[in-house]
1. Is the range A:206-275 rounded, prolate or oblate when judged by the Cα gyration tensor, a ≥ b ≥ c being the square roots of its eigenvalues, rounded requiring a/c under 1.5 and prolate requiring a/b larger than b/c?
2. Just check the range A:17-151 against the gyration tensor rule for me: Cα atoms, a ≥ b ≥ c as the square roots of the eigenvalues, rounded for a/c under 1.5, and otherwise prolate or oblate depending on whether a/b exceeds b/c.
3. HN-Hα J couplings of the range A:46-61 from phi, Karplus 6.51/-1.76/1.60, θ = phi - 60°, integer Hz, Gly and Pro as x?
4. Multiply the residue separation of A:Val41 and A:Ser29 by 0.36 nm, subtract the distance between their alpha-carbon atoms, and state the gained length in nm to one decimal.
5. DSSP loop trypsin sites (Lys or Arg not before Pro) in the range A:123-185 with at most 16 other Cβ atoms within 10 Å of their Cβ, which ones?
6. Quick check for me: using +1 on Lys/Arg Cβ and -1 on Asp/Glu Cβ, what's the dipole size of chain B about its Cα centre, in debye to the nearest 20?
7. Would you kindly calculate the translational diffusion coefficient of chain B, applying Stokes-Einstein with the Kirkwood radius from alpha carbon pairs, for 25 °C and a viscosity of 0.890 mPa s, and quote it in µm² s⁻¹ without decimals?
8. In whole Å, largest first, what are the principal axis extents of the Cα atoms in chain A?
Amino acid sequence: MVAREEVTMSAIETPVSAPPKSAAAARRSGAARVIGVRLAVVAAALAVVELLDRAALLPPTFIARPTEVFARLWALIVGGPFLPALWDTTRTVLVAVVIAAVAGTAVGYVLWRSRLLSEALVPGVAALFSSPIILLYPIPLVIFGRSATAVIVLSVTYGFLPIILYTVRSFSEIPPVLLRVSEVYCLSRWQQFVLVVLPAAAPKMFTGLRMGTTMVLITVISMEFLAQLSGLGQQIQMSALRFDTTGVYAYITGVVLLVVLVISGLQVIERRLQR
Amino acid sequence: LTRRQMAVWAIRLGVVLALVSLWIVLGHGGQGLNRVFPEPWDVLIAGTEVVDRASFVDDLQVSLQAILFGFLLGSAVGLTLGGLIGASERATRIFEPMLFWADGVPKIILLPIMILMLGTGVTLYAGQGALSAVFPVAIGMVTAVRTIPPVYLRVGRSFGLGPMRMVTMVWAPASAGQIFTALRIGLANAVVSSLLAETVIGNQGLGYRAVRYYATLEIPQMYAMIILLFVAAMLVNIGLERVIASRTRHFEDARAVRG
């Protein structure tokens, strides 16, 4: 009763012009402030580089003026090869992520069903995940030639390992009561997988998908750069071969923005799923 | 060995044998596939030959030098950066995600700029290694600093420890496990980045040699070198992981009890 009165009083006493902020609104404004500070820090750093460059205090051979870099990036986006290259990279990443997700989930499911297989193979998968797989990049190039297939094979190899690990872990953490209910309803293995296992494990599985997607993105861009195949990686390499420092910075800026967008986007989705 | 352990090892052996058999079958598929999939035995012989060549020791020296310098520089910067960011909650909120973004950018694409800055050769390889080691080490350091149990700090303060002794006697031992793990990841990244840079430009180092074999169509030698590098890097990583886990277990146990 006292508590209710206190709530009522505080509601009356709160001025109409300043409504109480909800926790969500406070969180949003706090997050906006943090993003504002981040942007300000980046802008300040770029302004310092710009001023030092204009004062001829930086060697022009390897530093490009930020204003020129952004102008070039814009020019490359509007009428240049940036968007086709971005599409090439995105398409390769999407294909690799889909293959990695399907294969990783299938292997993870099999390992979850068999405790013996899981015991035998999961430590190996974990060891491979922390291994320098990118060093193997000449092998797919020898086997598949300088083609998108070589890029996809290596990036799938990297990307599907965290998906396997998180699939096994998420399936193992499904409450047993859900599985028992599916047995009571006499669901087939496929029905149990689609209607019970997948929805129950999806939020935690997404962590594996996020890590796998990040690994695929990094591997695809690295391979495009190393093998000069296509996409943004190749454009960076080509700009470097033309000694076009501003172009190199412009494409690197594009890749950094892409990485930030993908990583933050996936983190936002993950937080929402796991809330 | 129990029955179950034998079954586990049988499965592991079966998987390896299945992969090797697949490799052999593909190699016998005709249409020049034997050049792409050389006999495993040939790769093994090529491996001994590669290690015996005079160039191997020189290349190994260059690669180790680059990895070591890169790792030391990258981890020094990473530890300082992570310590400064982790010391403040507000700085952590602002800058920690930026460290994750920077870590997510493939460092190999920065190679053209690094070439302009450092030229080609061992300095470049070390620079690439340092660039790759900085961010995981900084991220680990932020986590290490932010997760020190507050009671440790209160005890340190109540004993009247100065800033230097707080760092050496409380902060460092309390966060040793996480710092060493971050350093291990930093080292693994430095190894990969230095070797990758060697494969792209220059004329020395084990990475360069692997790509050289590819260019001269010495495919078994190329496979042998790449597998050698891969296995060595993997073993160093796993070995360090185990050593760190065993050496810092008591600190982690103490954290767990507090947690």
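What follows draws every value from the coordinates through simple rules; no lab data is involved. The shown structure was predicted, so the numbers you read here are calculated from the model rather than taken from an experiment. Virtual Cβ from ideal backbone geometry, glycine too; neighbours counted across all protein chains shown.
1. Oblate, since a/c reaches 1.5 and b/c is not below a/b.
2. In terms of gyration-tensor shape, oblate.
3. 5, 5, 4, 4, 4, 5, 4, 5, 5, 7, 6, 9, 10, x, x, 5
4. 2.5 nm
5. Passing sites in the range A:123-185 are A:Arg146.
6. Dipole size: approximately 1220 debye.
7. Values: Rh = 21.1 Å.
The Stokes-Einstein estimate is 116 µm²/s.
8. Here the spans come out as 71, 70, 32 Å, largest first.
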